[in-house]
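The values are calculated or read from the model by the stated rules, or taken from the named source; none is laboratory data. None of the values given here were measured: they were computed from a predicted structure. Cβ atoms come from the backbone with ideal geometry, glycine included; neighbour counts cover every protein chain shown. For accessibility, only protein heavy atoms count, side chains too; no ligands or nucleic acids. Shrake-Rupley method; radii C 1.70, N 1.55, O 1.52, S 1.80 Å.
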Number of protein chains: 2
Amino acid sequence: MRIAASRLLRSSNQLLGTLRMASAKVLVRDNINPQVITMQYAVRGPIVIRAVELEKELEKGAKKPFTSVIKANIGDAHAMGQTPITFNRQLIACLANPSLMETANFPSDVVKHAKELICCCGGKSCGAYSQSTGIDIIRKHVADFIAKRDGFPCDYENVILSGGASESIRNVLKMFIRRDAPKKTGIMIPIPQYPLYSASVEEFGLGQVGYFLCEERNWSLEEDELERAYQESLKKYDTRVLCVINPGNPTGQVLSHENIETIIKFAHRHNLFLMADEVYQDNIYAPGSKFHSFKKVINEMGAPYNQMELASFHSVSKGYMGECGMRGGYVEFFNLDPEVYVLFKKMISAKLCSTILGQVMMDALVNPPKPGDPSYDQWLKEKNAVLASLKERATLVKEAYGSIEGIKCNEVQGAMYAFPQLMLPPRAVEKARSLNMEPDFFYAMQLLESTGVCIVPGSGFGQKEGTYHFRTTILPQTEMMKDMLERFKSFHTKFMEEYK
Amino acid sequence: MRIAASRLLRSSNQLLGTLRMASAKVLVRDNINPQVITMQYAVRGPIVIRAVELEKELEKGAKKPFTSVIKANIGDAHAMGQTPITFNRQLIACLANPSLMETANFPSDVVKHAKELICCCGGKSCGAYSQSTGIDIIRKHVADFIAKRDGFPCDYENVILSGGASESIRNVLKMFIRRDAPKKTGIMIPIPQYPLYSASVEEFGLGQVGYFLCEERNWSLEEDELERAYQESLKKYDTRVLCVINPGNPTGQVLSHENIETIIKFAHRHNLFLMADEVYQDNIYAPGSKFHSFKKVINEMGAPYNQMELASFHSVSKGYMGECGMRGGYVEFFNLDPEVYVLFKKMISAKLCSTILGQVMMDALVNPPKPGDPSYDQWLKEKNAVLASLKERATLVKEAYGSIEGIKCNEVQGAMYAFPQLMLPPRAVEKARSLNMEPDFFYAMQLLESTGVCIVPGSGFGQKEGTYHFRTTILPQTEMMKDMLERFKSFHTKFMEEYK
């Protein structure tokens, strides 16, 4: 009897093996991680994939109604023609090839700066790993920068360097995953939001709790709406985190001091962990707008608010440097439970460390040339030129879109994007639905195919039901920007005519 | 009645708020992601944390029985004094600071190479993002390298660049997460293994299926053991992935062609997805040992094996370059389901892209100077010098540890590590257990505190019960290596004496 059973088992195993062989693939859509299917990251989604294809088709000589693709989908300043800051690149070159410190005739402060950093690299080489937390001296410079910015102390031990801010944001979110808890941890994120948040929340099996920004009041963040979103979320989630993006992405608003206080009080009332995405802190354009860090406001408010847990993020990819390809960022923790911090550091250690040259670029951001240094004048001139040009384009974009019929565009107070509303005619909406597309996706795809202009539909960031938007960067240089706006206007007029 | 209930609710909410305030922290050990608690990454674990502390204490003038800490815990060649390859660093400097192409007097092939690459960067700047898959021309060079290495075609569209091989390995593992499936996906990994695998499997909520390498036969990978591990795993897991590390980390074995065939047949029989960690493919020392890629062997075996799904990994951090801090790596997929591949690419897009200079370093690995190029002779000389020196140290380490009483050490056929077995006296084992430590952890901590030599206990990699090991790199330069071996011998003798 036993033998028979074992034989049966064996032959059924063989049968199973044969079936499996016939079924071809081990890993297919039906058995892949389901969150990989459901997560979305529109900034590099289907419209952008199509834009890249179109570029390749143009290169091969294909005939299109346009001769170039303009990528206004992503905050990628250098790709749009912004030139790097000379000081930064001299510093990186010295770290990569230390013999240049002697031979390249770089300014003496560059060489001094490079020597200081390279002495802190393992074996004096940027090819050695750093500690997972980053190179200590750079963490100290970050801490000095934060302390000076805010007027409150910052302990470098609470700063961790990472490959861009995205990596830090994802690492912090990971701490809130609880696979076996009865309720997922709810993460409050703005709607519209930068889809890193929605994508990571989905990928990690966390609960997305969207709070709507108020478009009518220039995308302000209102207490009632925070309260509504929080209370509703509790039916489904254990909501413990509030993410704020300031200046806003994709919405470009800059939060007032008062508004930040309100948010902090709300978070305190509900015992929420604060995540402050402040990567656009240097990108402030509107008269009267000023950047206030959450760290500063929390400290100004005193007890009990200055006891709250806060993680804030910064990056070398935005601001006036736009060094996206270098992958440099940091998180500063404030009031994190010490035991949690030890666990966090253990968790990131399996990823070894972030790129050393990205860490060095972060040093250039937080520890730039000082008045009197040989590099200072040129550095300041280049920095101011970039920021002035961005400010000019922020105004240009708002005015251009604001003047088009069927489009409403808020002021771009900060960051690198406009998020105009499209008043799509009902027939366009119907047409899109009949094609099983979001209406603003349909619009954006038509725009791309007819003009080569690549923007991201609002549905990729979230928006109030029945409203339609798109995100465009303000990054094309002025000439290209004018070209883009011309193409856009001409398409928009035809589109509205066709579906009116 | 309604009003009363709502008041009650409100006051209970206020009470809850007060309690929460008193309870201090939102995020504590009790409610953190439990996998963050359970995951371990010994290569940067408590022994290494203590080593860093000791270094800082020495700097501050503390008196210790040693004057320097020797970190043999991690495969970090530059930190241990290996010098970078000149060609690589000239190339990186040109990308970072293109004006150097005109001014730095670099060899003409460096400049030509740099120009070719920078033209493929967005806005001709390494500060622009690349596609998430990496820069196409570098992917093409990787594909050419693989095709030439294996003698079989490689499509660049199947190559994805990443920030080190670790990132690619983690990305591939993520596809197998299934939060709501009745059984976790089982991932077969060698024991001993590189703890990136155990840490990631734990963090992702996958199932670790360990198969033991056979220490008696120089850490070979045996079919019976694979079969045992697989069959036992099925009680608990849906086992679908087989990870192989070749050359082995921490075990240093190089798999024979025949052994690889056996493994492939085993994986085919059970319909397993193959992951081949081949980051040490250039590190082969033993006479008669040769590296065979899984991709090559699968293709040589023909149908049905050449239909199997395979992901293989490579890195700039090891080999003769040792550029760990640059963070460059790749995964090549073979026979991946096309729909799965689209999903994979979508998943990684939320992380934007890996560092451009890390991608450039990968280009230097796969597309080095050719005979006749101005840089070739120096490049070849430097490369050969590194590999010859590593080979010398591989022998030195094996012979040194092999000659110590109470230690058994296999031949270091490849990679960068020895994994000697410690025959610990029962009293040492008892002493460790009484301190609630793994015996080899106890040994390693004592070694560190008395001599400054930092190694990683075998328990961090996994080992057969009742056996004890440690991993040491072969990376200290010859003089430091001799110093380290002296310190080790003297400690070991005393330790064995004390606990005999």
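Observations
- Some residue of segment B:478-485 being farther than 27 Å from residue B:62 by Cα and crowded, with 19+ Cβ neighbours inside 10 Å: no
- The set of residues in segment A:70-80 that are within 12 Å of chain B (Cβ to nearest Cβ) and in contact with a strand residue (DSSP E or B) (Cβ under 9 Å, 6 or more places away or on another chain) comprises A:71, A:73, A:74, A:75, A:76, A:77, A:79, A:80.
- Residue that is nearest to residue A:119 (Cα to Cα), among those in segment A:81-105 that are under 27 Å from the mean Cα position of the chain (by Cα), facing chain B (nearest Cβ under 7 Å) and open to solvent by 20 Å² or more (accessible area, probe 1.4 Å): A:90
- Of the numbered criteria (1) among the β-branched types (Val, Ile, Thr); (2) surrounded by fewer than 19 Cβ atoms within 10 Å (Cβ to Cβ); (3) modelled with pLDDT under 90; (4) part of a loop (DSSP other than H, G, I, E, B), the one residue B:28 fails is (3).
- Being within 21 Å of the chain's Cα centre (by Cα) and within 14 Å of chain B (Cβ to nearest Cβ) is a description that does not apply to residue A:414.
- Just so you know, in segment B:299-314 the residues that are of a type in the set (S, T, N, Q) and open to solvent by 10 Å² or more (accessible area, probe 1.4 Å) include one that is nearest to the other protein chains (Cβ to nearest Cβ), and it is B:307.
- Residue in segment B:461-497 that is nearest to residue B:68 (Cα to Cα), counting only those that are touching a Lys or Arg at 6+ places or on another chain (Cβ under 8 Å) and either assigned to a helix (DSSP H, G or I) or outside the structural domain of residue B:70 (by the TED database) (or both): B:481
- Matching option when the condition is at pLDDT 80 or above and more than 7 Å from every other protein chain (Cβ to nearest Cβ), among A:4, A:22, A:62: A:62
- Within segment B:131-140, one or more residues are under 17 Å from residue B:315 (Cβ atoms), among the hydrophobic types (A, V, I, L, M, F, W, C) and away from chain A (no Cβ under 12 Å).
- Some residue of segment B:290-309 being in a strand (DSSP E or B), in contact (Cβ under 8 Å) with a residue 24 or more places away in the chain and hydroxyl-bearing (Ser, Thr, Tyr): no
- Qualifying residue in segment B:144-159 (condition: crowded, with 24+ Cβ neighbours inside 10 Å, modelled with pLDDT of 95 or more and more than 12 Å from chain A (Cβ to nearest Cβ)): yes
- Within segment B:323-373, restricting attention to residues that are open to solvent by 10 Å² or more (accessible area, probe 1.4 Å) and among the acidic types (Asp, Glu), the residue that is farthest from the other protein chains (Cβ to nearest Cβ) is B:373.
- Restricting segment A:278-288 to residues that are in a loop (DSSP other than H, G, I, E, B) and open to solvent by 30 Å² or more (accessible area, probe 1.4 Å) leaves a set whose member that is nearest to residue A:196 (Cα to Cα) is A:282.
- Just one of the listed residues (B:115, B:124) is away from every other protein chain (no Cβ under 14 Å), closer than 30 Å to residue A:480 by Cα and modelled with pLDDT of 95 or more, namely B:115.
- On inspection, residue B:270 qualifies as within 11 Å of chain A (Cβ to nearest Cβ) and of a type outside the set (S, T, N, Q).
- Residue A:278 vs. criteria away from chain B (no Cβ under 12 Å), in contact with a His (Cβ under 9 Å, 6 or more places away or on another chain) and among the acidic types (Asp, Glu): yes
- Scanning segment B:241-277 for residues that are in a loop (DSSP other than H, G, I, E, B) and surrounded by fewer than 24 Cβ atoms within 10 Å (Cβ to Cβ) returns B:256, B:270, B:271.
- Conditions (1) over 27 Å from residue A:304 (Cα atoms); (2) modelled with pLDDT of 95 or more; (3) part of a helix (DSSP H, G or I): number failed by residue A:199: (2)
- Pair list, Cβ under 7 Å, 6 or more apart: segment A:460-478 residue farther than 14 Å from residue A:438 by Cβ, other residue of a type in the set (Ser, Thr, Tyr) and assigned to a strand (DSSP E or B): A:472/A:417; A:473/A:417; A:474/A:417
- Number of the exception - residue A:347 against (1) within 27 Å of residue A:238 (Cα to Cα); (2) outside any helix (DSSP H, G or I): (2)
- Candidates in segment B:219-233 are the residues that are open to solvent by 30 Å² or more (accessible area, probe 1.4 Å) and touching a residue at least 24 places away in the same chain (Cβ under 8 Å); of these, the one that is nearest to the other protein chains (Cβ to nearest Cβ) is B:227.
- Checking each residue in segment A:438-449 for being of a type outside the set (A, V, I, L, M, F, W, C) and closer than 16 Å to residue A:424 by Cβ picks out A:438, A:439, A:440, A:443, A:446.
- Selection count where residues are touching a residue at least 40 places away in the same chain (Cβ under 8 Å) and assigned to a loop (DSSP other than H, G, I, E, B), scope segment B:371-384: 3
- Residue match in segment A:424-447 (condition: touching a residue at least 24 places away in the same chain (Cβ under 8 Å) and in a strand (DSSP E or B)): no
- Criterion violated by residue A:398 - all others in (1) surrounded by 18 or more Cβ atoms within 10 Å (Cβ to Cβ); (2) in contact (Cβ under 8 Å) with a residue 60 or more places away in the chain satisfied: (2)
- Of the residues making up segment B:160-176, those that are touching a Gly at 6+ places or on another chain (Cβ under 9 Å), facing chain A (nearest Cβ under 7 Å) and open to solvent by 10 Å² or more (accessible area, probe 1.4 Å) are B:163, B:166.
- For segment A:106-158, taking the residues that are among the aromatic types (Phe, Trp, Tyr) and assigned to a helix (DSSP H, G or I), the one that is nearest to the chain's Cα centre (by Cα) is identified as A:145.
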